[in-house]
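Undergrad: Next up is a structure, given as structure tokens.
The values are calculated or read from the model by the stated rules, or taken from the named source; none is laboratory data. Just so we're clear, the structure is a prediction, and the values are computed from it rather than from any experiment. Because the Cβ atoms are built from the backbone with ideal geometry, glycine has one as well, and the counts that use them run over all protein chains shown. Surface areas here come from the heavy atoms of the whole protein model, side chains and all, with no ligands, DNA or RNA. Shrake-Rupley method; radii C 1.70, N 1.55, O 1.52, S 1.80 Å.
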Amino acid sequence: TDYLINKIYALTDMKIDYYAVINTSDARRIFNEFCGNTGLRYTVPEAMEYDDIYEDIDLYEGDQYLNGSKAVQLMRYRDYESGNGDVKRCTTQVEVIRAFVKSALNSDNPLKEKLLDETARKNLLSGIKTNVTSSDILENIDFIFSIGKFEFVSVPFRYSALITADNVSSLHEDFNKPFEQE
């Protein structure tokens, strides 16, 4: 994780303060816990169906409610009719995560009460590889629930043409040197 954080910094000049790495089974659990019984309302861009070595993917096109299993299927799908499967998959992952956060921070969602409860907070953090602590959540709870008031924009990465399979260029001279611990 530290290596990836440093590579992101080298490419974008953005320092990452907090991170979370979530495996698919924990993503399903968290999604179900915080989206409730109805799930997340989301418009699936196209019919998605194929047999995967880990889990079959079977979603219909259009507006629907996604439970944790269906949300993970959507975020793993890469066989888009438009081609560019990995790029479209990454874009879809960002869109789903944004929709999840918007839903989770909705005033009707009991997430804030859950996060204020120590047991629920520890349960949320279990299974997630993160540097966010329980006290970080408590200290930033008001900020977390004000995020909906901010406008988020995606900035295209204009240096993407510099990246090839064998060589990764950087904004920093020391990109390929071992990273020093701060």
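Undergrad: If ligands, DNA and RNA are left out, what is the accessible area of residue 117 with a 1.4 Å probe, given in Å² to the nearest 10?
TA: About 70 Å², ignoring ligands and nucleic acids.
Undergrad: Would you mind working out the accessible area per residue for region 1-141, using a 1.4 Å probe, and quoting it in Å²?
TA: Values: 8580 Å² over 141 residues.
Here the per-residue accessible area is 61 Å².
Undergrad: Further, regarding this structure: Show the residues, 5+ positions off or on another chain, whose built amide H is closer than 5 Å to the amide H of residue 131.
TA: 19
Undergrad: Okay, moving on. Roughly to the nearest percent, how much of the accessible area of region 29-137 is carbon and sulfur, given a 1.4 Å probe? Write down the numbers at each step before the final one.
TA: Values: 3150 of 6330 Å².
Heavy-atom surface of region 29-137 belonging to carbon and sulfur, 1.4 Å probe: 50 percent.
Undergrad: List, in the order given, every pair from 102/129; 70/102; 7/129; 7/88; 88/129; 88/122 whose Cα-Cα distance in the structure shown is over 24 Å.
TA: Details: 102/129 22 Å; 70/102 18 Å; 7/129 18 Å; 7/88 22 Å; 88/129 26 Å; 88/122 33 Å.
Those over the limit are 88/129; 88/122.
Undergrad: Based on the alpha-carbon gyration tensor of region 1-146 and its eigenvalue square roots a ≥ b ≥ c, which shape applies: rounded if a/c is under 1.5, prolate if not and a/b is larger than b/c, or oblate? Each step should come with its number before you reach the end.
TA: Working: a/c = 1.94, a/b = 1.29, b/c = 1.51.
Oblate shape, in that a/c is at least 1.5 and b/c is the bigger or equal ratio.
Undergrad: Ignoring ligands and nucleic acids, what accessible area does residue 69 show with a 1.4 Å probe (Å², nearest 10)?
TA: 40
Undergrad: Taking amide hydrogens as modeled 1.01 Å from N in the peptide plane, which residues meet the under 5 Å criterion relative to residue 46, leaving out close sequence neighbours?
TA: Amide H neighbours of residue 46: 62.
Undergrad: Let me ask you something else. So, taking all protein chains as they sit and a 1.4 Å probe, how much accessible area belongs to residue 11, in Å² rounded to tens?
TA: Surface accessible to solvent at residue 11 totals approximately 40 Å².
Undergrad: Stretch residue 136-residue 1 to full length: gain in nm at 0.36 nm per residue minus the Cα-Cα span? It would help to have the intermediate numbers written out before the result.
TA: On the way: separation 135, 0.36 × 135 = 48.60 nm, distance 1.91 nm.
Stretched out fully, the residue 136 to residue 1 stretch lengthens by 46.7 nm.
Undergrad: If Lys and Arg each add +1 and Asp and Glu each add -1, what is the summed charge of the other residues whose beta carbon sits under 9 Å from the beta carbon of residue 120? Show your work: numbers first, answer last.
TA: Details: positive: 114, 121, 122; negative: 33, 113, 117, 118.
Net of charged neighbours comes to -1.
Undergrad: What's the extension gain from residue 16 to residue 51 if we count 0.36 nm per residue and subtract their Cα-Cα distance?
TA: Details: separation 35, 0.36 × 35 = 12.60 nm, distance 3.59 nm.
Taking residue 16 through residue 51 to full extension adds about 9.0 nm, to one decimal.
Undergrad: Further question: Give me the extension gain from residue 23 to residue 87: residue separation times 0.36 nm, minus the current Cα-Cα distance, reported in nm with one decimal. Each step should come with its number before you reach the end.
TA: Details: separation 64, 0.36 × 64 = 23.04 nm, distance 2.02 nm.
Using 0.36 nm per residue and subtracting the Cα-Cα distance, I get 21.0 nm.
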